[in-house]
1. What is the magnitude of the charge dipole of segment 4-232 about its Cα centre, with +1 placed on the Cβ of each Lys and Arg, -1 on the Cβ of each Asp and Glu, and no other charges, expressed in debye to the nearest 20?
2. Once fully extended, how much extra length lies between residue 68 and residue 113, figured as 0.36 nm per residue of separation less the alpha-carbon to alpha-carbon distance?
3. How far apart, in nm, are two points set 7 Å out from the Cα along the Cα-to-Cβ line at residue 166 and at residue 41?
4. Determine, for 62, 142, the number of other Cβ atoms within 10 Å of each Cβ, and report the residues in order from fewest to most.
5. Hey, how many Å between the Cα centroid of segment 135-205 and the Cα centroid of segment 1-50?
6. What is the fewest-to-most order of 14, 120 by other Cβ atoms lying within 10 Å of their Cβ?
7. Put +1 on the Cβ of every Lys and Arg and -1 on every Asp and Glu Cβ in the chain; which of 126, 82, 150 then has its Cα farthest towards the positive end of the dipole?
8. Give the long-range amide H neighbours of residue 204: residues separated by 5 or more places, or on another chain, with amide H under 5 Å away, using H modelled in the peptide plane at 1.01 Å from N.
Amino acid sequence: MKELIVITGASSGIGLATARAFQEKGHPLLLLARRVERLKEFEGKQALCAKADVTDMKGFKHAVLEAEKKFGPTGCLVNNAGVMLLGLIQDQNPDEWKQMYDVNVIGVLNGMQIVLPGMIQRKKGTIINISSVAGRFTFPSHAAYCGTKYAVHGITENVRKDVAKYNVRLAIIAPGAVETELLSHTTSEQIKTDYEGWKKEMGGVLSAEDIANAVLYTYFQPPQVCVREVMVAATRQEP
């Protein structure tokens, strides 16, 4: 039986595209999302769909344990759940900072802590954290969001070093602009308008399927090969 793949934020965008890609490869899936009703296409197939918030460690862990009872140990965790709330620090609602750090950073840490003990014991496993080019470069109105993604990069590299001796792989996928629902979370209409204009200037951006392909490329390398980071963006995107 093929390895269990756990995907957070699986109800749309990159998460949904990745779920479909792994399903085509015949892998059992645990798909975690707040809007679990969007995952009906996976019902009755080799998948468990759970309504879960990655910031809720107890609920997150319960879902993983239930999936492992059915499908066996987690072979790969794709930490994809994320929130992008753009704004200027001098006038942004601080609640938005907290939401981003809770989901984008604490959620990633929660997922890693849930699956790492088993992976270390088995001396096998892959964790793929979906970050952003905003974890390497800064952009206007992105200060708090960039902070969360810089954190993901730093955490991932540190944990990779901690667990490499156990043959556990840690990888980052850092997309540029992607056509997903992520921008819609931003509350500033002006920032959203400017962002959409930037996308048009580039002549279009990546699709969620482009990132799913990068995830599969990373996962399907031989066990002794760790693709530490994949940064992928539209050809015309400069930073």
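Only the coordinates and a few stated rules stand behind these numbers; no lab work does. Since the model is a prediction, treat every value here as computed from it, not as a measurement. Glycine gets a Cβ as well: all are built from the backbone with ideal geometry, and neighbour counts include every protein chain shown.
1. The dipole magnitude comes to about 1100 debye.
2. Length difference between fully extended and current span is 14.7 nm.
3. Once both label points are built, they end up 3.5 nm from each other.
4. Fewest to most other Cβ atoms nearby, the residues stand as 62, 142.
5. 22
6. Numbers: 14 29, 120 16.
Fewest to most other Cβ atoms nearby, the residues stand as 120, 14.
7. 126
8. none
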